[in-house]
Amino acid sequence: MSPQHLALAWSVLFVAALVGGTALRLWLAQRQLRHVLANRDAVPAPFRASIALAAHQKAADYTVAKLRFGLWSTLFSAVVVLLWTLEGGLQLLNGWVSGTFGTALGGQLALLVAFAVISALLDLPWDVARTFGLEARFGFNRQTPRSFVLDLVKNAVVSAVVLLPLALLLLWIMQTAGGWWWLWAWAGMTAFSLLMMVIYPLVIAPLFNKFQPLPDGEVKARAQALMQRCNFALSGLYVMDGSRRSAHANAYFTGMGAARRVVLFDTLLQQLTPVQIEGVLAHEVGHYKRHHIIKRMGMMFALSLAGFALLGWLADQVWFYVGLGVMPNLFAPNHALALILFSLMLPVFGVFFSPLAAATSRKHEFEADAYAAQHSDAKALGEALVALYRDNASTLTPDPVYVRFYYSHPPALQRLERLGALPATDSPAMHSPAAA
């Protein structure tokens, strides 16, 4: 097949994947929207004693609002991808950057930076609308315009300090390492990822939030006793001021080896009892003890190796560039172009593999729940999950197909059934909106 025919076939395949993937996303969102609305006016029977009708309806309305917001965001993203590729946006940007900064290493880096800045500016209105529109409407946003802008500035500075040297290193490897550059690039990115797991909680995260040692009390005593029972080493227990930005609650482990630390959102401490927090922490420990972290890292590194190998091959194919609306440089490097086109291509085709990743994640969540049930109070963990679903306005009635495609965590009913921790039987008072 001639290069022209290969380029045309690649264009057709790319457009088909983009249109098909976008249509699939919209169809799934519509399914979820209809299913949630159809169940809006009745709390599922197992939850009627613990979730008020008003809270259930708020979760439905929040879910529907997010879905509708996501519909427009999905369409916008698809249009942006087309504008960058077949409509000549990247070709135009590359022409301007190469004419201004040249095509050597500095010019290649300038192209990556220009693309990143424009992409961030295109995303900014959506971030503003999500934070000060959607999240604020449902009472979750606690950011001020000032803190929002300050976060933007901090993100820009951190990105420049961390990602610019990384991008320069990657471009240098692509330029100097020969035909096997992709293997060296993968090794460099893997090392960087491991390094960031150590640096992020110690250096970067404190730039955005305050982390205070968990004060003495029942929560700390229970957490320390749990870690001892599970033979789980930690460098510390911390409370993060998550309430500065959002009313959503969360907890997470971060770091590697003996440098692992537990971080609890201050909102979580406000919403859950000590025994419930212990159950949440036992679930997180379960991810480590069931080797989910190692498995996920191994899968991530394997997929990134395959991705770099594919990029190494595509970067030498003229049809790869031409089929996506870009004329490659004939007498200059095309490394930045290859990286940008690959980053635009991956989500287009990756959407079709989402169910595999989601199914694996849900399986791990069930396993972590089972571990938590063995090392803490399963009933308390179930109560914590119900409280988090309620306080975070997470729907209890998702569409089953949507769940299989997107959900990284099993729906509430499935988790509680596996735990043997379904809430107590019906309480008539909880049906009244006034009981919320």
### Query
Within the stretch 209-220, how many residues are loosely packed, with under 12 Cβ neighbours inside 10 Å and either hydrophobic (A, V, I, L, M, F, W, C) or in contact with a Gly (Cβ under 7 Å, 6 or more places away or on another chain) (or both)?
1
#### Entry: Options Ala160, Ala223, Ala167: the member that is under 23 Å from Val280 (Cα atoms) and either touching a helix residue (DSSP H, G or I) at 6+ places or on another chain (Cβ under 8 Å) or surrounded by fewer than 16 Cβ atoms within 10 Å (Cβ to Cβ) (or both)
Ala223
### Summary
Expected output for the stretch 135-163 (first residue touching a residue at least 60 places away in the same chain (Cβ under 8 Å) and polar (S, T, N, Q), partner outside any helix (DSSP H, G or I) and surrounded by 14 or more Cβ atoms within 10 Å (Cβ to Cβ), Cβ below 9 Å, 6+ apart or cross-chain) is Asn141/Arg245; Asn141/Ser246; Asn141/Ala247; Gln143/Arg245; Gln143/Ser246; Ser147/Arg245
### Summary
For the stretch 125-146 the number of residues that are surrounded by 13 or more Cβ atoms within 10 Å (Cβ to Cβ) and not hydrophobic (A, V, I, L, M, F, W, C) is 8
### Query
Does Leu324 qualify as being more than 17 Å from the chain's Cα centre (by Cα) and modelled with pLDDT under 90?
no
### Task
Starting from the stretch 333-344, take each residue that is farther than 12 Å from Ala110 by Cα and at pLDDT 95 or above and list its partners that are of a type in the set (Ser, Thr, Tyr) and buried (at least 21 other Cβ atoms within 10 Å of the Cβ), counting only C-beta distances under 8 angstrom and pairs at least six apart or across chains.
Ala338/Tyr321; Leu341/Thr85; Leu341/Tyr321; Leu344/Thr85
### Query
Which of the residues that make up the stretch 135-151 are under 17 Å from Asn392 (Cα atoms) and either of a type in the set (Phe, Trp, Tyr) or modelled with pLDDT of 95 or more (or both)?
Phe138, Phe140
### Query
Which of the residues belonging to the stretch 170-180 are of a type outside the set (Phe, Trp, Tyr), surrounded by fewer than 16 Cβ atoms within 10 Å (Cβ to Cβ) and in a helix (DSSP H, G or I)?
Gln175, Thr176, Gly178, Gly179
### Query
Across the stretch 41-52, what is the total count of residues that are buried (at least 19 other Cβ atoms within 10 Å of the Cβ) and within 22 Å of Tyr406 (Cβ to Cβ)?
1
### Message
at pLDDT below 95, touching an Asp or Glu at 6+ places or on another chain (Cβ under 9 Å), of a type in the set (A, V, I, L, M, F, W, C) and surrounded by 19 or more Cβ atoms within 10 Å (Cβ to Cβ): which single residue out of Ala412, Ala378 fits that description?
### Response
Ala378
### Query
Considering only residues of the stretch 12-58 that are assigned to a helix (DSSP H, G or I) and β-branched (Val, Ile, Thr), which is farthest from the chain's Cα centre (by Cα)?
Val12
### Message
Yes or no: the stretch 392-402 includes at least one residue that is under 19 Å from the mean Cα position of the chain (by Cα), assigned to a helix (DSSP H, G or I), more than 27 Å from Arg229 (Cβ to Cβ) and at pLDDT 95 or above.
### Response
yes
## Note on the structure
Note on the stretch 1-59: residues touching a Leu at 6+ places or on another chain (Cβ under 9 Å), among the hydrophobic types (A, V, I, L, M, F, W, C) and more than 30 Å from Val318 (Cβ to Cβ) are Leu26, Ala29, Leu33, Val36, Ala42, Val43, Phe47, Ile51, Ala59
### Residue count, the stretch 225-251 (criterion: modelled with pLDDT under 85, among the hydrophobic types (A, V, I, L, M, F, W, C) and assigned to a strand (DSSP E or B))
1
### Summary
Of the listed residues (Leu121, Leu183), the one being exposed (fewer than 13 other Cβ atoms within 10 Å of the Cβ) and either over 30 Å from Val262 (Cα atoms) or touching a helix residue (DSSP H, G or I) at 6+ places or on another chain (Cβ under 6 Å) (or both) is Leu121
#### Entry: Subset of the stretch 265-286 [under 23 Å from Phe211 (Cα atoms) and either under 19 Å from the mean Cα position of the chain (by Cα) or not hydrophobic (A, V, I, L, M, F, W, C) (or both)]
Phe265, Asp266, Thr267, Gln270, Gln271, Thr273, Pro274, Gln276, Glu278, Gly279, His283, Glu284
### Task
Examine the stretch 123-141 for a residue that is part of a strand (DSSP E or B), under 26 Å from Ala59 (Cα atoms) and not acidic (Asp, Glu), and state whether such a residue exists.
yes
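The values are calculated or read from the model by the stated rules, or taken from the named source; none is laboratory data. If you're wondering where the values come from, they're calculated on a predicted model, not measured in any experiment. Cβ atoms come from the backbone with ideal geometry, glycine included; neighbour counts cover every protein chain shown.
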